[in-house]
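Sharing a structure, written as structure tokens. Questions coming.
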Amino acid sequence: MRPRPRCSTPPWARICRSGSCRGRPGPPGIAWSPSGCRPGLVFLAGDAAHLFTPTGGLGYNTAVEDAVNLSWKLAAAVHGQAGAALLDTYDLERRPLAIRNTGYARGFADSLGLFAPVPEIEDATPPGEQARRAAGEYFDRHARAEFNIPGITFGGRYDGSPAIVPDGTAPPPDSAHTYVPSACPGGRAPHFWLDDGRSLYDRLGLDWALLRLGPQATAIDGFVAGARARGIRMQVVDLPDPQARELYGANLALLRPDQVVGWRGADDSQARAVFARLLCQAA
Ligand SMILES: Cc1cc2nc3c(=O)[nH]c(=O)nc-3n(C[C@H](O)[C@H](O)[C@H](O)COP(=O)(O)OP(=O)(O)OC[C@H]3O[C@@H](n4cnc5c(N)ncnc54)[C@H](O)[C@@H]3O)c2cc1C
């Protein structure tokens, strides 16, 4: 029998669906479709696009984020609000996040799977006792690290995407165990408690949101007119609390329907260009 040709892609970076790997699944989890999220007219999301080892519990989070990212772009395209390039940003934005998240999950899997117990661990001796205690401490540290990951869950970012308007500020460093809320465009909109005890997130609907931050009530006519001209549903959320202004670092912040900060700034003078960029249209 002829030997099967070997696939040059590292096993953790492939879902073996094509060429010499056809029909054979890759190793459990830790994979990324080589065809990306968008082979032709089909958009892949969730486990169809990336497979996770269960460590970290990140497969479903990542799948839902895919769907949230894709759905508003499809809606905008179907309603004629976006340029065709907006759909391309699905792959551009989600692929790095999937690779990031599968990478974190793989690290957790390796932390478990590559642990090598010493031979005496089963001995009823003081060294055996010591080995069991050391193993217990190791797995305790591992478990705490694996399930304390707000940075992975909330800290994913779309820096460099054409559907984000950068403002020249640097995002917080990517860290599994630390989430630093930041309104630097490209990341999750920072949570803020409202006066009535609700979260800002309870005020955000399924569409665009313009946050007007601080007590000075910045004019927003440009954004309201821009949204109306494009047929975009955009709600205005007033956050007069100075702490909200401080948290967001700007008078205005425009959130995409996936609750990612698309733009922030001082006034509405660039509203037309901001919408054009976020929707990948000619200005
Ligand atoms: C043991 C285990 C533990 C996990 N724990 C976690 C966790 O703690 N946290 C986390 O975030 N993730 C976890 N995951 C991963 C998570 O379950 C998946 O990443 C997630 O369900 C993927 O969602 P999906 O919609 O892409 O795929 P699925 O949930 O697999 O949905 C695909 C659906 O398509 C249907 N389907 C398939 N073929 C066809 C067809 N031809 N026609 C019609 N329907 C079809 C299937 O029946 C299924 O209902 C775990 C997974 C496993 C296996």
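The values are calculated or read from the model by the stated rules, or taken from the named source; none is laboratory data. It should be emphasised that the depicted structure is a prediction, and the values quoted were computed from it without experimental measurement. All Cβ positions, glycine included, derive from the backbone under ideal geometry; neighbour counts span all protein chains shown.
Just need a number here: residues in the stretch 77-92 that are in a helix (DSSP H, G or I) and out of contact with any helix residue (DSSP H, G or I) (no Cβ under 6 Å at 6 or more places or on another chain).
Final tally of qualifying residues: 6.
Let me ask another. Does any residue of the stretch 82-98 turn out to be more than 9 Å from the ligand (Cβ to nearest atom), modelled with pLDDT of 90 or more and in contact with a strand residue (DSSP E or B) (Cβ under 6 Å, 6 or more places away or on another chain)?
For the stretch 82-98, residues more than 9 Å from the ligand (Cβ to nearest atom), modelled with pLDDT of 90 or more and in contact with a strand residue (DSSP E or B) (Cβ under 6 Å, 6 or more places away or on another chain): present.
Still on this structure: Considering only the stretch 161-176, I want to know if a residue exists there that is assigned to a loop (DSSP other than H, G, I, E, B), out of contact with any Phe, Trp or Tyr (no Cβ under 8 Å at 6 or more places or on another chain), touching a residue at least 12 places away in the same chain (Cβ under 8 Å) and aliphatic (A, V, I, L, M).
yes
I would also like to ask the following. All but one of (1) modelled with pLDDT of 95 or more; (2) farther than 25 Å from ASN69 by Cβ; (3) not in a loop (DSSP other than H, G, I, E, B) hold for ALA124; state the number of the condition that does not hold.
With respect to (1) modelled with pLDDT of 95 or more; (2) farther than 25 Å from ASN69 by Cβ; (3) not in a loop (DSSP other than H, G, I, E, B), ALA124 is out only on (3).
Then there's this: It is to be established whether one or more residues within the stretch 52-72 are away from the ligand (no atom under 15 Å from the Cβ), at pLDDT 90 or above and farther than 21 Å from THR178 by Cβ.
Yes, the stretch 52-72 contains at least one residue that is away from the ligand (no atom under 15 Å from the Cβ), at pLDDT 90 or above and farther than 21 Å from THR178 by Cβ.
With a cut-off of at least 2 residues that are over 19 Å from VAL165 (Cα atoms) and not aliphatic (A, V, I, L, M), name the strands (runs of 3 or more DSSP E) lying wholly within the stretch 188-273.
The qualifying strands (runs of 3 or more DSSP E) are 234-239.
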